[in-house]
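The values are calculated or read from the model by the stated rules, or taken from the named source; none is laboratory data. Only a predicted model underlies this, so the values are computations on that prediction, with no experimental measurement involved. Note that each Cβ is placed from the backbone with ideal geometry, even for glycine, and that neighbours are counted across all protein chains shown.
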Amino acid sequence: MPEALSNILIYGGSFILTLSLVVFVHEFGHFQAARWSKVAVETFSIGFGKTLASWKDRQGVQWRIAALPLGGYVRFAGDADPASTGSDVLIDTPERRAAARRAGFFHAMPLAVRAFVVAAGPLMNFVFAMIAFAALAMILGRDVTDRDALSPRVDAVVAGTAAAEAGIRPGDLIVSIDGVPIATFGEFRRKVEANAGARLLIGVERGGDRFDLTLTTRTETVTDPRTGIDRQVGRAGVHRVAGLDERVIEKVGPLQAIGYGAENTWNIVTATFAYVGNILTGQASAEHLSGPLGIMNQSGQIAESAIAQDPSVSWGDRVGDLLLSLLGWAAVLSVAVGIVNLLPIPVLDGGHLAFYAIEAVRGGKPLPMQAQEWATRGGLVALLALFLFATWNDIQRILVG
């Protein structure tokens with residue numbers, strides 16, 4: 001298979017599969033909450049644009065798969081548009097409101113019902129992430145290997161790096177740095193990271209012989225994944241891989257797995273808010289924000305890593321690894337989608353909830369339609385600007401990478 005076609009299938013296929021799953025989870029939250037609340041559902045769509053496939057269920061809901069897999073929507077009875085920004089029926093008297101409620105019209109429902117249906121989408125994203133992380137922990141166990149405590153053996157040397165130029169080879173054992181003995185790979189890593197652009201005298205043991213090599217570390221900018229703050233570190237260009245006899249895999253039971261899933265989900269939430277806070281205070285750069293291209297690139301890299309394994313690994317095992325890897329990535333994306341949808345931007349779920357909060361403060365009286373329309377237009381402009389900015393970041397990263 002030509003490489004270009006293979007990349008399209010791997011990157012495009014993994015992107016569509018992962019994002020469609022996350023979108024389905026989100027929209028299913030709205031859908032199920034609407035069902036529980038006696039809100040009539042007209043359409044459940046994965047994607048936008050031209051319909052590729054559609055069918056109706058016994059309740060009359062139109063299920064559709066559309067050509068542009070960058071989102072989805074659940075359209076309720078009485079909605080003026082897929083974003084549920086208004087009603088297409090007049091609800092201006094108690095009698096009309098009562099009749100609209102009996103018909104299951106969303107905008108005629110009590111404030112608490114509407115807020116519940118809207119909030120259920122992001123909530124389902126968080127629940128899915130917890131379940132996915134828990135399932136992965138139960139299937140794979142938890143890798144609790146302390147890689148910093150491994151022996152300072154070099155398993156791989158990246159071509160063209162400082163280590164390669166210094167003459168370090170795979171299989172070498174690092175025994176000292178600047179004459180100071182080291183016992184673990186973690187000691188070696190920390191010493192290199194703390195000395196960006198510096199010359200270090202590396203004591204090496206190879207085939208029973210001991211000698212010194214001069215290593216001039218490279219300087220690399222790394223981003224803290226929790227805070228988004230950049231820092232300069234030294235790099236050598238060597239890897240240490242934990243062998244089967246060195247790895248420590250901890251079995252995880254159902255209750256422990258649920259706790260692990262909740263912990264993982266919460267860690268992503270807190271890291272995201274920490275990063276956004278650091279952007280607002282100028283400590284972190286917004287250049288790390290990703291859009292659809294970045295998600296596609298990451299999805300493809302994850303899929304490629306799962307597929308491109310040792311030839312001795314069967315294709316059945318590779319497909320299993322692929323599905324588990326994409327499930328973990330979908331869990332991470334699901335948390336991100338849940339957070340983004342809670343932003344108080346009109347047309348997003350958070351924007352609807354903000355309108356409902358104002359309505360509650362005003363004693364059940366919603367904002368005038370003109371004010372809501374202007375806010376919605378502003379929200380669309382803000383979303384478009386954010387989309388273009390994130391896409392530009394993606395293009396720059398892909399071109400540089």
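If you go through the range 342-354 and keep only what is surrounded by fewer than 21 Cβ atoms within 10 Å (Cβ to Cβ) and assigned to a helix (DSSP H, G or I), you end up with Gly350, Leu353, Ala354.
Take the residues in the range 132-153 that are of a type outside the set (A, V, I, L, M, F, W, C), in contact with a Gly (Cβ under 9 Å, 6 or more places away or on another chain) and part of a loop (DSSP other than H, G, I, E, B), then tell me which one is nearest to Leu348 (Cα to Cα). So, considering only residues that are of a type outside the set (A, V, I, L, M, F, W, C), in contact with a Gly (Cβ under 9 Å, 6 or more places away or on another chain) and part of a loop (DSSP other than H, G, I, E, B), the one nearest to Leu348 (Cα to Cα) is Asp146.
Between Gly243, Gly277, Gly282, Gly237, the distinction of being closer than 30 Å to Asp172 by Cβ and free of Cβ contacts under 8 Å to residues at least 40 places away in the same chain belongs to Gly243 only.
Quick grid of which residues meet (1) more than 23 Å from Gly350 (Cβ to Cβ); (2) buried (at least 22 other Cβ atoms within 10 Å of the Cβ):
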| position | (1), (2) |
| --- | --- |
| Ala34 | no, yes |
| Ala53 | yes, no |
| Trp63 | yes, no |
| Leu70 | no, no |
| Ala98 | yes, no |
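Go through Arg75, Arg58, Arg64 for me and flag whichever is in contact with an Asp or Glu (Cβ under 8 Å, 6 or more places away or on another chain) and not assigned by TED's automatic domain parsing to the domain that holds Asn341.
Working: Arg58 fails: in contact with an Asp or Glu (Cβ under 8 Å, 6 or more places away or on another chain); Arg64 fails: in contact with an Asp or Glu (Cβ under 8 Å, 6 or more places away or on another chain).
The conditions single out Arg75.
Taken as a whole, the condition of being surrounded by 13 or more Cβ atoms within 10 Å (Cβ to Cβ) and either modelled with pLDDT under 85 or in contact with a helix residue (DSSP H, G or I) (Cβ under 7 Å, 6 or more places away or on another chain) (or both) does not apply to Ser305. For the range 340-355, residues that are out of contact with any helix residue (DSSP H, G or I) (no Cβ under 7 Å at 6 or more places or on another chain) and modelled with pLDDT under 90 total 0. Selection of first residues in the range 34-54 that are touching a residue at least 12 places away in the same chain (Cβ under 8 Å) and of second residues that are among the polar types (S, T, N, Q), restricted to Cβ pairs under 7 Å at least 6 apart or on distinct chains, gives the following pairs, ordered by first then second residue: Glu42/Gln62; Thr43/Gln62; Ile46/Ser20. Going by the conditions given, is Ala375 in a helix (DSSP H, G or I) and more than 28 Å from Ser14 (Cα to Cα)? Yes.
If you go through the range 161-184 and keep only what is over 20 Å from Val241 (Cβ atoms) and not in a helix (DSSP H, G or I), you end up with Gly167, Ser176, Ile177, Asp178, Gly179, Val180, Pro181.
Of the residues making up the range 279-302, those that are among the hydrophobic types (A, V, I, L, M, F, W, C), in contact with a helix residue (DSSP H, G or I) (Cβ under 8 Å, 6 or more places away or on another chain) and farther than 10 Å from Ala390 by Cβ are Ile279, Ala284, Met296, Ile302.
Residues in the range 263-280 that are crowded, with 16+ Cβ neighbours inside 10 Å and closer than 16 Å to Arg142 by Cα: Asn264, Thr265.
Residue selection: Ala129 satisfies the criterion of being assigned to a helix (DSSP H, G or I) and on the phi < 0 side of the Ramachandran plot.
Taking the condition of being in a helix (DSSP H, G or I) and either in contact with a Lys or Arg (Cβ under 7 Å, 6 or more places away or on another chain) or of a type in the set (Val, Ile, Thr) (or both), how many residues in the range 12-49 meet it?
Taking the range 12-49 and keeping what is in a helix (DSSP H, G or I), we get 12-36.
Then keep just the ones that are either in contact with a Lys or Arg (Cβ under 7 Å, 6 or more places away or on another chain) or of a type in the set (Val, Ile, Thr) (or both); that gives 16, 18, 22-23, 25.
Summing the residues that are in a helix (DSSP H, G or I) and either in contact with a Lys or Arg (Cβ under 7 Å, 6 or more places away or on another chain) or of a type in the set (Val, Ile, Thr) (or both) in the range 12-49 gives 5.
If you go through the range 270-287 one residue at a time, do you hit one that is of a type in the set (Ser, Thr, Tyr) and over 30 Å from Ala134 (Cβ atoms)? Yes, because at least one residue in the range 270-287 is of a type in the set (Ser, Thr, Tyr) and over 30 Å from Ala134 (Cβ atoms).
When each of Met124, Met138 is tested for being at pLDDT 85 or above, hydrophobic (A, V, I, L, M, F, W, C) and closer than 22 Å to Val340 by Cα, the lone residue that passes is Met124.
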